[in-house]
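The values are calculated or read from the model by the stated rules, or taken from the named source; none is laboratory data. As the structure is a prediction and not an experimental result, all values here were calculated from the model. Note that we place each Cβ from the backbone using ideal geometry, even for glycine, and neighbour counts take in every protein chain shown.
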Amino acid sequence: MSLPDVRIDNLKESEYEEAATILVDAFESNLAYASIFVNKYRLRDGLFWLFKTNLFLINRRQSVTKVVRMKNSMEIIGVFSLLPPNGIKSELRDYFKIGIPRFIISFGFSALRTMLKMDALNKQLLTNAIGANEYYYLSMVAIKANYQGSGIGSYMIDNCLQKLRSINRICHIVGLTTQLSENVIFYTRLGFQKLDEGEIQLKKGCYYNYNMKLDL
């Protein structure tokens, strides 16, 4: 697939807020993320903090997040992250920098607990479904609403996979989780296969989850 007017760059630290806003718009209606924040009037604020700090943590020591723009523009129109096998290990000082105490004051300890539990559970279920501990993890994929359906989403993921195939890899599997059936169709067209699906129960909500993988 070729989109000559589009380019893919590494995300810069100065662009974390712009990328986080795109992710908030894309995931605001996602029941998994809505389960974290009981106060729905603070949902966007909570998601913005979550995505911005996650971008900081995973890109702290190596660049794992890419952004898509039109060639003659600096505006970000798409974003995705590809984490290496075994993930990114953050240091204690990193968590102090993102302001965990302020998050607890603003959104409550239960929101933090739910967020951590959901993240750990999703990754464990994906690992179990894949049947291996080592895999590349595709996450936080989003396209600006007015560019959806243009082929940019398919292009950026296909480009990511092609580059991954061209390097000396640690392993040969890419995994992901999604909560939307339409995303299952989207990723299936790109070569992923659905491994399993099911409802995830949390203390203050539930959501439906799909685990998928691609063999490189």
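Taking the criterion of being among the aliphatic types (A, V, I, L, M) and closer than 20 Å to residue 136 by Cα, would at least one residue in region 74-82 satisfy it? Spell out the reasoning first.
If we filter region 74-82 for residues that are among the aliphatic types (A, V, I, L, M), which is where we start, we get 74, 76-77, 79, 82.
Narrowing the set further to residues that are closer than 20 Å to residue 136 by Cα leaves 79, 82.
Yes, region 74-82 contains a residue that is among the aliphatic types (A, V, I, L, M) and closer than 20 Å to residue 136 by Cα.
Within region 174-207, if we keep just the residues that are acidic (Asp, Glu) and in a strand (DSSP E or B), the residue that is nearest to residue 85 (Cα to Cα) turns out to be 196.
Just to be sure before I move on: is residue 143 farther than 28 Å from residue 111 by Cα and either of a type in the set (Val, Ile, Thr) or touching a residue at least 60 places away in the same chain (Cβ under 8 Å) (or both) in the structure I sent? The answer is no for residue 143.
Give the residue that is surrounded by the most Cβ atoms within 10 Å (Cβ to Cβ), with candidates limited to residues of region 1-51 that are among the aliphatic types (A, V, I, L, M) and outside any helix (DSSP H, G or I).
Taking region 1-51 as the starting set, the residues that turn out to be among the aliphatic types (A, V, I, L, M) are 1, 3, 6, 8, 11, 19-20, 22-24, 26, 31-32, 34, 36, 38, 43, 47, 50.
Next cut, outside any helix (DSSP H, G or I) only: 1, 3, 6, 8, 11, 36, 38.
Values: 1: 12, 3: 17, 6: 19, 8: 16, 11: 21, 36: 24, 38: 16.
My answer is 36.
Is it true that residue 130 is surrounded by 17 or more Cβ atoms within 10 Å (Cβ to Cβ), within 21 Å of residue 29 (Cβ to Cβ) and touching a Leu at 6+ places or on another chain (Cβ under 9 Å)? Taking the combined requirement at face value, the residue does not satisfy it.
Per the conditions (1) within 18 Å of the chain's Cα centre (by Cα); (2) more than 16 Å from residue 86 (Cα to Cα); (3) exposed (fewer than 15 other Cβ atoms within 10 Å of the Cβ), the sole criterion not satisfied by residue 210 is (3). The residues on offer are 139, 181, 150, and the sole one that is under 17 Å from the mean Cα position of the chain (by Cα) and modelled with pLDDT under 95 is 181. For region 92-127, filtering for residues that are surrounded by fewer than 14 Cβ atoms within 10 Å (Cβ to Cβ) and outside any helix (DSSP H, G or I) leaves 1. Of all residues in region 62-79, at least one satisfies being in contact with a strand residue (DSSP E or B) (Cβ under 8 Å, 6 or more places away or on another chain), among the acidic types (Asp, Glu), surrounded by fewer than 13 Cβ atoms within 10 Å (Cβ to Cβ) and in a loop (DSSP other than H, G, I, E, B).
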